[in-house]
Amino acid sequence: MSRKIYNKLVRDKIPEIIRSKKKAFKVSILTKEKYRKALKEKIDEEAKELLEAKTNKDVLNELADIQELINAVAKNHKITVKTLENKRKEKTKERGGFEKKIFLEYVDE
């Protein structure tokens, strides 16, 4: 028997899934501060997986994970989905979106 170390935040039903496979495992519940840090680390992990995604299905899966994490971070900081969406719209109005595919190469200062 071998042990694989994860040391990362996982979705709520993962322990049930592992248990159903009759595998031994250990989990712990994070403090508020450790949870906030783990959420940000998990977003980084999922963003890296998005970079590696090859198919539309893979992209969709990674985006769904990132969206779930965004929702969790917002909730943890007492930010509503409506407030988040309003901020997104405000920033788009002020600075634009990403639809024009503009890639800034340099600015001489």
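The values are calculated or read from the model by the stated rules, or taken from the named source; none is laboratory data. Computed from a prediction, not measured in an experiment: that's the story for all the values here. So basically every Cβ, Gly included, is an ideal-geometry build from the backbone, and we count neighbours across all protein chains shown.
Structure summary
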| read-out | value |
| --- | --- |
| Residues satisfying the stated conditions in the range 88-109, i.e. assigned to a loop (DSSP other than H, G, I, E, B) and not aliphatic (A, V, I, L, M) | G96, G97, F98, E99, K100, K101, F103, E105, Y106, D108, E109 |
| In the range 1-12, the residues that are closer than 17 Å to E68 by Cβ and either surrounded by fewer than 10 Cβ atoms within 10 Å (Cβ to Cβ) or modelled with pLDDT under 95 (or both) | K8, D12 |
| Subset of the range 15-31 (residues that are part of a loop (DSSP other than H, G, I, E, B) and polar (S, T, N, Q)) | S28, T31 |
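This table checks each residue for (1) modelled with pLDDT under 95; (2) loosely packed, with under 13 Cβ neighbours inside 10 Å; (3) touching a Cys at 6+ places or on another chain (Cβ under 9 Å); (4) closer than 19 Å to N7 by Cα.
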| residue | (1), (2), (3), (4) |
| --- | --- |
| I29 | no, yes, no, yes |
| K42 | no, no, no, yes |
| E49 | no, no, no, yes |
| N56 | no, yes, no, no |
| L60 | no, yes, no, no |
| L63 | no, no, no, no |
| N76 | no, yes, no, no |
